[in-house]
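Asks: Input: one structure, supplied below.
What follows is calculated from the coordinates using simple rules that are stated; it is not laboratory data. No experiment lies behind these values; they were computed from the predicted model shown. Cβ: placed from backbone, ideal geometry, glycine included. Neighbour counts: every protein chain shown.
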Amino acid sequence: MGVARFALCKISSSLLPRMHRPSALRQMSVAADLKNSTIFRSQGLIGGRWVAAHDGKTLQVNNPSTGEIIADVPFMGRRETNDAISSAYEALNSWSKLTATERSKCLRKWYDLIMSHKEELGQLITLEQGKPLKEALGEVSYGASFIEFFAEEAKRVYGDIIPATLADRRLFVLKQPVGVVGAITPWNFPLAMITRKVGPALACGCTAVVKPSELTPLTALAAAELALQAGIPPGVLNVVMGNAPDIGDALLASPQVRKITFTGSTAVGKKLMAGAAGTVKRISLELGGNAPCIVFDDADLDVAVKGVLAAKFRNSGQTCVCANRVIVHEGIYEKFAEAFSKAVQNLQVGDGFTEGVVQGPLINEAAVQKVESFLQDALSKSHVHFGHESERSTSRSTRAS
Ligand code: ADP
């Protein structure tokens with residue numbers, strides 16, 4: 001089978017400013033409304049208190065669509081992380097002793113509050129992450145569903161009776177909360193990545209120290225505010241952000257943190273895995289991949305185009321399951337490339353608050369440069385087509401990025 005790889009994703013920087021300008025004012029008013037809302041928080045949460053960094057340092061959170069500053073949040077490090085761990089450890093005693101049903105009631109309330117603030121949370125996601133509002137609202141429901149699901153599921157955490165090898169013994173497995181959980185999350189799903197980690201942890205009786213991405217901490221802080229409003233006791237959920245390596249190191253070094261859960265890059269995941277060994281922590285990692293999308297020559301063209309479009313362009317290509325490579329059978333290549341190219345040209349690029357926009361901005365300038373470099377790489381190899389002579393070089397380019 002011949003293969004061909006093509007660069008699929010480019011948000012043209014020459015288009016963006018033109019398309020953003022009309023909505024800049026609207027974005028400012030959305031930001032102003034959100035800042036006055038009861039869910040907006042711009043400090044860290046430690047032991048149920050909203051706090052600044054001990055030295056008062058802050059970092060800016062920018063709107064990726066306009067570059068404007070939305071808020072300043074504390075630039076925290078080891079000291080604040082250790083405070084957060086102590087609070088979580090203290091809260092563990094009482095939270096873990098509640099019945100799963102009692103915890104479930106708190107979590108259900110949190111779920112309800114998230115859903116009743118769906119509009120504001122969705123706007124906050126669009127504001128700090130950039131994805132179209134419709135997708136952001138979808139993320140709120142998706143993110144909230146983890147809390148609902150695990151609050152129910154934790155009521156059914158059964159143990160096991162194991163057949164014993166000796167007649168006078170009885171072996172059983174009793175499942176207990178592991179302890180304080182450190183959760184480190186990325187910016188592409190500012191709410192769902194947090195609820196997916198915190199929902200099961202809290203439901204089981206663990207307490208948590210969350211470190212959201214510094215690029216999108218406001219959604220995490222709003223969700224934490226709603227957790228407090230739901231009656232989740234102080235210290236059960238703590239949020240710190242700032243110096244990522246320092247915060248990570250503090251979580252790893254603490255013997256009180258018994259589990260690390262992380263979604264992000266493979267490089268950071270490896271560091272965390274190595275660092276967790278020192279105190280033999282449990283660890284769950286969801287890392288990057290290099291996912292191919294394969295189109296065979298008997299594919300239904302419309303379905304294939306729709307499928308690849310969704311796989312490649314969701315969240316402007318910024319999800320961990322986005323296709324990195326598209327491999328098309330030579331028998332359908334020409335037809336597919338033409339139909340796909342047309343479909344891509346029809347995607348509306350712009351800011352996430354504009355009706356009809358399906359491609360928001362990339363998260364920051366570094367991401368734009370990365371896509372530009374992929375594009376240049378693909379263009380420089382555009383003379384390479386599938387076929388007998390060039391097959392070797394084509395496969396090499398397929399693996400290159
Ligand atoms: P991405 O490239 O998707 O942003 P990263 O792995 O860099 O992936 O980031 C995912 C999360 O990991 C973010 O919250 C980031 O701040 C955090 N992070 C980055 N470096 C470290 C580190 N050394 N220790 C702990 N967390 C880190």
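Asks: Using Cβ contacts closer than 10 Å as the measure, can you line up Lys35, Lys335 from fewest to most?
Replies: Lys35, Lys335
Asks: Under the definition of Cα pairs under 8 Å and six or more residues apart, what whole-number percent is the relative contact order of the range 32-88?
Replies: 32 percent
Asks: Hey, which of these cross-link pairs are over 30 Å Cα-Cα: Lys35/Lys134; Lys35/Lys342; Lys57/Lys175?
Replies: In this structure, Lys35/Lys342; Lys57/Lys175 exceed 30 Å between Cα atoms.
Asks: Okay, next question. Cut-off is 10 Å between beta-carbons; in what order do Val257, Val61, Val209 appear when sorted fewest neighbours first?
Replies: Ranking Val257, Val61, Val209 by Cβ neighbours within 10 Å, fewest first, gives Val61, Val257, Val209.
Asks: Enumerate the lysines that Lys370 could reach by cross-link, defined here as Cα to Cα under 20 Å, with residues fewer than 8 away along the same chain left out.
Replies: Counting by Cα, and skipping residues close in sequence, Lys370 has these lysines nearby: Lys10, Lys131, Lys312, Lys381.
Asks: Give me the one-decimal nm value for the distance between modelled label points at Ile161 and Arg108, 7 Å along each residue's Cα-to-Cβ direction.
Replies: Result: 3.0 nm between the two label points.
Asks: Which of Gly231, Thr354, Ala304 sits farthest toward the positive end of the charge dipole of the chain, with +1 on the Cβ of Lys and Arg and -1 on the Cβ of Asp and Glu?
Replies: Gly231
Asks: What's the exposure ranking of Leu252, Leu174, going from fewest to most Cβ atoms within 10 Å?
Replies: Fewest to most other Cβ atoms nearby, the residues stand as Leu174, Leu252.
Asks: Can you give the FRET efficiency to the nearest 0.05 for Asn36 and Ser116, using r as the Cβ-Cβ distance and R₀ = 25 Å?
Replies: Efficiency for this residue pair is about 0.90.
Asks: With contacts defined as alpha carbon pairs under 8 Å and 6 or more residues apart, what's the relative contact order of the chain in percent?
Replies: For the chain, the relative contact order is 23 percent.
Asks: Name the long-range amide H neighbours of Thr58: under 5 Å, sequence gap of 5 or more, or other chain; modelled H, no Pro or chain starts.
Replies: Here the answer is Phe75, since their amide H atoms fall under 5 Å of that of Thr58.
Asks: Between the alpha-carbon centers of the range 299-359 and the range 56-85, tell me the distance in whole angstrom.
Replies: The range 299-359 and the range 56-85 have Cα centres spaced 34 Å from each other.
Asks: Would you mind checking the radius of gyration and Dmax of the range 107-262 based on alpha-carbon positions, in Å?
Replies: 17.6, 64
Asks: Follow-up question, since we're still on this one. Which value, in debye to the nearest 20, describes the size of the charge dipole of the range 29-153 about its Cα centre when Lys and Arg Cβ atoms bear +1, Asp and Glu Cβ atoms bear -1, and nothing else is charged?
Replies: Value, rounded to 20: 260 debye.
Asks: Along the positive direction of the dipole of the chain (beta-carbon charges: Lys, Arg +1; Asp, Glu -1; about the Cα centre), which of Ile363, Pro217, Gln256 reaches farthest?
Replies: Gln256
Asks: So what does the Cα-only Debye profile of the range 289-331 read at q = 0.13, 0.15, 0.27 Å⁻¹, as log10 I(q)/I(0), no solvent term?
Replies: Each listed q corresponds, in turn, to -0.26, -0.35, -0.93.
Asks: Taking a spot 7 Å from the Cα of Ile294 along the direction of its beta carbon, which residues of the range 305-328 have an amide N less than 16 Å from it?
Replies: 308, 323-328
Asks: Separation between the Leu98 and Gln369 pseudo-spin-labels, each 7 Å from Cα along Cα→Cβ, expressed in nm?
Replies: Each label point is offset 7 Å from its Cα along the Cβ direction, giving 4.6 nm.
Asks: So if I place +1 on the C-beta of Lys and Arg and -1 on the C-beta of Asp and Glu, and nothing else carries charge, what would the dipole magnitude of the range 28-82 be about its Cα centre? I want it in debye, nearest 20.
Replies: 240 debye
Asks: For the chain, find the longest principal axis of its Cα atoms and tell me its angle to the long axis of helix 16-35, 0 to 90°, nearest 10.
Replies: 20 degrees
Asks: In degrees between 0 and 90, to the nearest 10, how far off the longest principal axis of the chain does helix 78-95 point, with axes built from Cα atoms?
Replies: That helix lies at roughly 60 degrees to the long axis.
Asks: How high is the FRET efficiency from Gln345 to Ser29, r the C-beta distance, R0 25 Å, rounded to 0.05?
Replies: So, using R0 = 25 Å, E works out to roughly 0.20.
Asks: By how many degrees, 0 to 90 and rounded to 10, does the Cα axis of helix 100-116 deviate from the longest principal axis of the chain?
Replies: 40 degrees
Asks: Which value at 222 nm does the chain reach when only helices count, each DSSP H run of 4 or more adding -39,500 (n - 2.57), with the total divided by all residues and rounded to the nearest 500 deg cm²/dmol?
Replies: Only helices count here, giving -15000 deg cm²/dmol.
Asks: Let me ask you something else. Roughly how big is the chain's charge dipole about its Cα centre, with Cβ charges of +1 (Lys, Arg) and -1 (Asp, Glu), in debye to the nearest 20?
Replies: For this selection, approximately 940 debye.
Asks: Thr58 to Gln376: extension gain in nm, 0.36 nm per residue of separation minus the Cα-Cα distance?
Replies: Length gained between Thr58 and Gln376: 110.8 nm.
Asks: Could you calculate the FRET efficiency of Ala337 with Glu153 from 1/(1 + (r/R0)^6), where r is the beta carbon distance between them and R0 is 35 Å, rounded to 0.05?
Replies: 0.20
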